[in-house]
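Each remark here refers to the structure printed beneath this line.
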Amino acid sequence: MCCFSGAVKDVGSTKIFARFLDAVNQCVIYEMTMSADEDVAMILPIPVVQPADEKAVKFHNLSNYPAFFEDLEKAFPIPRSFGGDGPVAAGRLEVQKVGAFDASFVPTIGDFKRLDERFRLDDAVWKSLPQYEKFGFAVFKLRKGGKQKVHPMAFQFPSAMPNRIFFPTVHIHDGQVHETEEVDHTLYAQAWNNAVIKGTDWEESPKIVGRNVNHNFTGDLVWGGGHVYKKNIRGNAKNEDILAVARKLG
């Protein structure tokens, strides 16, 4: 979900990598370009195992690896395109410094009351999105500026959807939830070892990613010995999150 707490002038070139690190924990690496006249927060709903506290999500600093997605794309030498509030704990939420960002994990919708009011969404927005009633939320606070490319934002969480790889792709850019949106997404999925992504709309890389992606920066977030699967979504599309299904080989 590319969701912002305030107005943004434009957002584009969104790239998301997601994979399961083990039977429960999923990671997400997110990058985009954006322009905003004021500081805003990007809010990413995630299907975290509940009950959760603010330590349930682990943030990873990839500020020293701004070329992550460029290196990931090298696995594809020939480019191709395919067209309820929970309980509220006392006190402010922890704010972590993650590279150029300040980041927080909001365990439930009700816990947004513990976050700086500048970086919240109106309660009416959440009421129109009942699918997120039991979700948690990774929040990245972004600085104002024009056409800035933010370095990859990375985190991992215990997923309540262990058989599905979750991509947060619902859009809210103007405080309203629209049925369709103009999107510019490149999604990358990688399953656990000895598994593949199902579906003909995912393109498998001819190369393993470890030949180009720098393990010194990504650690275990990326399986260097495996292939990666890609899906491009451009133009007007249904405004929804995307799930990738994996199956084991053999």
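The values are calculated or read from the model by the stated rules, or taken from the named source; none is laboratory data. Every value quoted in this text rests on a predicted model; they were computed, and no experiment measured them. Positions of Cβ are backbone-derived with ideal geometry, glycine not excepted, and every protein chain shown enters the neighbour counts. Ligands, DNA and RNA are stripped out before the accessible areas are found, and what is left, the full protein with its side chains, is counted by its heavy atoms. Shrake-Rupley method; radii C 1.70, N 1.55, O 1.52, S 1.80 Å.
Some observations on this one:
- Distances between placed amide hydrogens fall under 5 Å for ALA246 paired with ILE165, LYS198, all partners being 5 or more residues away or on another chain.
- Between TRP126, CYS27, VAL213, the Cα set farthest toward the positive side of the dipole of the chain (charges on each charged residue's Cβ, about the Cα centre) is that of VAL213.
- Whole-Hz Karplus values for segment 157-167 come out as 8, x, 8, 7, 10, x, 9, 10, 8, 9, 10 Hz, taken residue by residue from phi with 6.51 cos²θ - 1.76 cosθ + 1.60 and θ = phi - 60°; glycine and proline positions read x.
- Normalised radius of gyration (Cα atoms, divided by 2.2 N^0.38 Å) for segment 185-250: 1.21.
- Segment GLU133-VAL245, extension gain: residue separation times 0.36 nm, minus the distance between their alpha carbons: 38.0 nm
- Counting protein heavy atoms only, segment 107-236 has 46 percent of its accessible area on carbon and sulfur, 1.4 angstrom probe.
- From most to least packed by mean Cβ count within 10 Å, the peptides 64-77, 18-31 give 18-31, 64-77.
- Remark: the chain carries a charge dipole of roughly 720 debye about the Cα centre, counting +1 on each Lys and Arg Cβ and -1 on each Asp and Glu Cβ.
- Under 26 Å of direct C-alpha separation, and excluding same-chain neighbours fewer than eight residues apart, LYS74 reaches these lysines: LYS15, LYS147, LYS149, LYS198, LYS207, LYS230, LYS231, LYS248.
- Note on the chain: Cα-only Rg and Dmax are 17.2, 53 Å.
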